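What follows draws every value from the coordinates through simple rules; no lab data is involved. These numbers come from a predicted model, not from an experiment. FYI the Cβ positions are ideal-geometry reconstructions off the backbone, even for glycines, and counts take in every protein chain you see.
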Ligand code: KIV
Ligand code: NA
C-alpha cells in the first residue's frame, strides 16, 4: 500500500472506498496498525484516559501528547498520522493554534492535526490551514467540552441539533479542513448531511453513511477497563489474557518455576570453582 496522504484520502472517497482509522499511542501499536493496513492513525487525546489514567481528555498537556505522538511516528510507514490538539492548546488565538500545530508537525512528526467543535474553532482551523498544516475537524459529541459540561450524549437527535452539527461541519469544510470526524451523531442525521460534505467524513458512532470509521485502540482490542460507549465494537478482549499472563508470571516467580535452566546463563565448572576458592 502506498503511503497515505491528504490527497490519497480524497481519492479513496472519490472511489467510494471506505477509510480505516484507529487511534494509537505508542510505538508497538503504531507498528501493528501499519502492518494491519489502516489508512489513518490518530494519536487521540483519548490517550488521557486510555494510557495516562486521567478521568477525561481535559488534563492532557501538549508535552504529554507530543511524547506519545513521536513514538507513534517512529512506528509508522504507510498511514497518515494525525495529532489531536489537546484542550486549551488552540482555542485562545490563531497564533496559539498555529504554534501548537507546528509543534505537532516538527516535534511529533504529524502529517495533520485535529481540533474539536465549530464556533471559534472554525477560524483556528482556517489559520492552521493557512500556515500550511492540514486540519481534521471534529463535530457532534466533542469530548473536550463534554467533560466540562458533563454532557456525553449523542448530538443531533433533534432536527435543530442536527442542523447545528451540520452548520459546524460545513463551516469547517469551508475553512479548509481536509476531513471531518463525526462522533455520536444519529445515522439518519449523518446520512442527510453527507451529500453536502465533499471532504472525507470519518464516523465514530455516526452510522454507516460516512466515508470511513475510527475506533479507539483500547476499545477495539478490549484493553480499556472503563465503560464503553454504544458505538464500541470489541474485536478482541485482550485485557483478560494480559492479566492472565502477568498472574501466571507472578505464580511462577513465587513458586520458583521461573526462571528455568533455559532462562539462565551458564558458567564453566572451572571458572565456578575458581570463584568459590
Ligand atoms: O481522541 C480520540 O480518540 C478521538 C477519536 C475518537 C476521533 O478524537
Ligand atoms: Na480526541
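Annotations for the structure displayed:
- What separates the Cα centres of the stretch 189-229 and the stretch 60-116 is a distance of 21 Å.
- All-pairs Cα distance distribution in the chain, expressed in whole percent, bin size 10 Å: 7, 27, 33, 16, 6, 6, 3, 2, 0
- Hull shadow area, averaged, the stretch 1-129 [alpha-carbon convex hull, nm²]: 7.9
- With R₀ set to 41 Å, the beta-carbon distance separating residue 264 from residue 78 gives a calculated FRET efficiency near 0.50.
- Ranked 264, 61, 190, criterion: other C-beta atoms within 10 Å, fewest first: 264, 61, 190
- On Cα atoms only, tilt of 159-174 relative to the major axis of the chain in degrees: 80
- Note on the chain: GNM, Cα springs under 10 Å; of 243, 50, 145, the largest mean-square fluctuation is that of 243.
- For the chain, the longest principal axis of the Cα atoms and the long axis of helix 120-130 meet at an angle of about 80 degrees.
- Potential extension, residue 276-residue 32 segment - 0.36 nm per residue separation minus Cα distance: 83.0 nm
- Counting only alpha carbon atoms, the long axis of helix 27-36 and the longest principal axis of the chain meet at about 70°.
- Taken over the C-alpha atoms, the stretch 1-65 has Rg and Dmax values of 14.2, 40 angstrom.
- Order of 98, 216, 82 under a 10 Å beta carbon neighbour criterion, fewest first: 98, 216, 82
- Comparing mean-square fluctuations of 135, 62, 181 from a GNM of the chain with C-alpha springs under 10 Å, the top value falls on 62.
- Paramagnetic reach from residue 1 in the stretch 39-61 [backbone N under 19 Å; point 7 Å along Cα→Cβ]: 39-44
- Fluctuation leader among 39, 174, 84 - the chain, Gaussian network, Cα springs under 10 angstrom: 174
- Zero-based 10 Å bins, Cα pair distances in the stretch 74-232, whole percents: 11, 39, 37, 13, 0
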